[in-house]
Amino acid sequence: KEMIYMNDEYERLTNDAKYLLLQLSSKYLESVTDGKSKSDATTMGSTQQVRDDVMPQWSLPDVSFTMAELRDAGFMKLWPGDGCYYNSFITTQAIAWREQKFGNDVKKVLDAIAGVKKLIPFF
């Protein structure tokens, strides 16, 4: 039943949020594969770090707005700072969603990123 809930939450996301979630999921998976602890790999950093590492095409306010959408859907935890987030984490719900949808197959995640990217007008 919870898996249905997670898929429902994902389907309700904007394409921008789906893209960011997939990018963050890929970053998490790469970090764990590179030997980081799961706990450390969930840390995505500040709005600025997410923008620099994952979404350099977006403005800081757009990254912050989309991170809040993921938080509201249960896929991120955010610590607010001065107009942005000073730290962020993907949740175990986000990890479980990625595991159920793609397993630990980085290629499947990258294919999904490419698919969603086509739906976003700025790319």
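The residues of the chain expose on average 55 square angstrom of accessible surface per residue, using a 1.4 Å probe on protein heavy atoms. As a ratio to 2.2 N^0.38 Å, the alpha-carbon radius of gyration for region 14-64 is 1.15.
For LYS77, the aspartates and glutamates whose Cα falls under 13 Å of its own Cα, not counting residues fewer than eight places away in the same chain, are GLU69. Close amide H partners of THR91, meaning residues 5 or more places away or on another chain with modelled amide H under 5 Å apart, are MET76, LYS77.
Checked against a 19 Å cut-off, the cross-linked pairs LYS38/LYS117; LYS27/LYS107; LYS18/LYS108; LYS36/LYS101; LYS18/LYS107 give Cα-Cα distances beyond that limit for LYS38/LYS117; LYS36/LYS101. With all pairs of separate Cα atoms included, the chain yields a Kirkwood hydrodynamic radius of 14.4 Å.
For the chain, what is the mean residue ellipticity at 222 nm derived from helices alone (per DSSP H run of n ≥ 4: -39500 (n - 2.57); sum divided by total residues; nearest 500 deg cm²/dmol)? Spell out each step's value before the answer.
Values: 7 runs with 76 residues, N = 123.
When only DSSP H runs of four or more count, the value is -18500 deg cm²/dmol.
Computed from phi, the 3J(HN,Hα) profile of region 104-112 under the Karplus parametrisation 6.51, -1.76, 1.60 (θ = phi - 60°) reads 10, 8, 4, 4, 5, 5, 5, 5, 5 Hz, with x in place of Gly and Pro. Taking SER37, SER88, SER25 in turn, the Gaussian network model of the chain (Cα-Cα springs below 10 Å) assigns the largest fluctuation to SER37. Here the accessible area is traced with a 1.4 Å probe on the protein chains. For region 1-84, carbon and sulfur cover 48 percent of it.
The values are calculated or read from the model by the stated rules, or taken from the named source; none is laboratory data. None of these values were measured; they are calculated from a predicted model. With ligands, DNA and RNA removed, areas are computed over all heavy atoms of the protein, side chains included. Shrake-Rupley method; radii C 1.70, N 1.55, O 1.52, S 1.80 Å.
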